[in-house]
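Only one structure is covered here, and it is reproduced in the block below.
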Amino acid sequence: MQKALAYASEFNNRFVGELGEFLRIPSISTDEAYAHEVRRAADWLAQEFTRIGADTVTLHETGGHPIVLAEYRAGDELPTVLIYGHYDVQPPDPLDLWTTPPFEPTIRDGKLYARGSCDDKGQLFMHVKAVDAYLASGLPLPVNVVFVVEGEEESGSVHLRPFLEEHASDLDGDIVLISDTSMLGEGIPSVTYGLRGTTYVEVLLTGPNRDLHSGVYGGAVENPINVLARLIADLHDERHRVAIPGFYDDVRDLSDDERSEIRDLPFDADAWLRAVGVGAGRTEDGYTVLEATWARPALDVNGIWGGYQGRGAKTVLPAKAGAKISVRLVPDQQPDDVVALLKRHFEEHTPETTELTFRNLHGGHAVVVDREIPAMRAASDALEGVFGRKPAFIREGGTIPVVADFKQVLGLDTVLMGFGLNSDAIHSPNEHFGLDRFHQGIASSIRFLDAFGKRV
């Protein structure tokens, strides 16, 4: 292991340059106009896996963008680590808010600015370079490593679960390792052991057969925006709890020990709120910011539309009004069950004066991983070896559906060993990744593979 760590330290500038090549490819999966660039990123990654000594590299075609599978076999008697990541990125819009072009990687103040630098090309590439450091320094890998890298994470991962189901026999492993999450704070190594799930629905209310003059018809014809506003207002009660009957029936509560551990974490809620320009938080009564975002469900309207949106006044009674609504779920809540509760709520409360159209767009399960399994202990050892302090075990409020898929399809738990920060502006202009964390991530990956090989 020490030779691999020394190699990574010696060639860290070359590793950054190679990451820059990867980042220059605008692999925007959600826009068909960039399909050839997404393919180019898959080809580039496959060539990189081959260059650093993979036993097999395969581009698996899907109904969308290919999945890259690369295998490094060190011995049948050794455990196998599946490393997941994605090579696609979010659109860079709005372009005018970028200080430098999103696909021209630029280093400023020790940070690498580019779309995908943190999410997820930079974090994925840490593990690629960890394997590179082992093999280039003449060391055998301490475990078998299989990379599963998709090109559709930013557009829904539509074809990933079918791929896992079809190739389950080829993906026989012991643990999954993912770096697509964040640290609790600067200099605080973190292992994420819990993620919230999600559902996403669209609600459309239709009233009259066309937009109407609000003077001629107002007061006699139901306004769909007014109805929608009432329905949305009724989704929460005065305690900031979701007011849909049965919503909390399956919610798994935090244990007293977990709540105590969360309270003891070095987290400044006021600073966290100030960073996003909010003077005060609003959580479910009785829960802190971290408890509310990590381990309690949340329902939010993500978009709302209807009527006139232009300059000045237009006295219109609109024909339609709509909203997009997401629900973040916690362990034991089932996405389909929550969608059914939402649908029933809107059906029961929509008046006869409007017609309801309800669409379920997508969903994913919440996940909690046992912190005492060997892989979690190996992650703790690895991060302590790099940072000189034990990591924080944290949850995150976001959703990574593939973590549940790995568990349900392959029976594998996932270690989420992330190196991002909330300030890295992922999905936003000026996304960046600290080069210190890029190098720490490589060293942590090297140490994790060694520690896991010894613990299993």
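Cβ crowding within 10 Å, taken as a proxy for footprinting-reagent exposure, orders Glu202, Glu372, Glu48 from fewest neighbours to most as Glu372, Glu202, Glu48. Counting every other Cβ atom within 10 Å of each residue's Cβ, Val203, Val278, Val409 order from fewest to most as Val278, Val409, Val203.
Any idea what the alpha-carbon Rg over 2.2 N^0.38 Å comes to for the range 347-443?
Numbers: Rg = 19.8 Å, N = 97, 2.2 N^0.38 = 12.5 Å.
Against the compact-globule rule of thumb, the ratio is 1.58.
State whether the range 29-134 is rounded, prolate or oblate according to the following rule on the C-alpha gyration tensor (a ≥ b ≥ c being the square roots of its eigenvalues): a/c under 1.5 gives rounded; otherwise a/b larger than b/c gives prolate, and the remaining case gives oblate. Oblate, because a/c is 1.5 or more while a/b does not exceed b/c. Modelled this way, with points 7 Å down the Cα-to-C-beta line, the labels at Glu166 and Leu139 are 3.7 nm from one another.
If you sort the three axes of the alpha carbon gyration tensor as a ≥ b ≥ c, you get a/c of 1.5 or more for the range 77-172 and a/b no higher than b/c, which makes it oblate.
Viscosity 1.306 mPa s, temperature 10 °C: Stokes-Einstein D of the range 171-236 from its Kirkwood Cα radius, in µm² per second?
Details: Rh = 17.8 Å.
So the translational diffusion coefficient is about 89 µm²/s.
Excluding residues on the same chain fewer than 8 positions from Lys454, give the lysines whose Cα lies under 28 Å from its Cα. Excluding near neighbours in sequence, the set is Lys3, Lys129, Lys390, Lys407. The overall shape of the range 142-284 is oblate: from the C-alpha gyration tensor, with semi-axes ordered a ≥ b ≥ c, the ratio a/c is 1.5 or greater and a/b is no larger than b/c.
Each of Val415, Leu95, Ile83 was placed along the dipole of the chain (beta-carbon charges, centred on the mean Cα), and the one lying farthest toward the positive end is Leu95. Using Cβ point charges alone (K and R +1, D and E -1), the dipole size of the chain about the Cα centre works out to roughly 980 debye. Computed over the range 212-271, the convex hull of the alpha-carbon atoms projects to a mean area of 8.3 nm².
Tell me which trypsin sites (Lys or Arg not before Pro) from the range 332-378 have a DSSP coil assignment and no more than 16 other beta carbons within 10 Å of their own. Display every interim value, and only then the final one.
On the way: sites: Lys343, Arg344, Arg359, Arg371, Arg377; in loops: Arg371.
Sites meeting the loop and neighbour criteria: Arg371.
With the alpha-carbon atoms of the range 272-354 aligned to their principal axes, the span from lowest to highest coordinate is 44, 35, 18 Å, starting with the largest.
Between 0 and 90 degrees, the angle of helix 335-349 with respect to the longest Cα principal axis of the chain falls at about 10 degrees.
Just how many % of Cα pairs in the range 12-66 lie over 13 Å apart, if you round to the nearest whole percent? Everything past 13 Å amounts to 64 percent. Residues Ser9, Ser27, ranked from the fewest to the most other C-beta atoms within 10 Å, line up as Ser9, Ser27. For the range 51-105, the normalised intensity computed at q = 0.17, 0.25, 0.26, 0.30 Å⁻¹ comes to -0.79, -1.07, -1.10, -1.25 (log10 of I(q)/I(0), Debye sum over alpha carbons, equal scatterers, no solvent).
Values in this text are rule-based calculations from the coordinates and carry no lab data. The shown structure was predicted, so the numbers you read here are calculated from the model rather than taken from an experiment. Don't worry about glycine lacking a Cβ; one is built from the backbone with ideal geometry, like all the others, and counts go over all protein chains shown.
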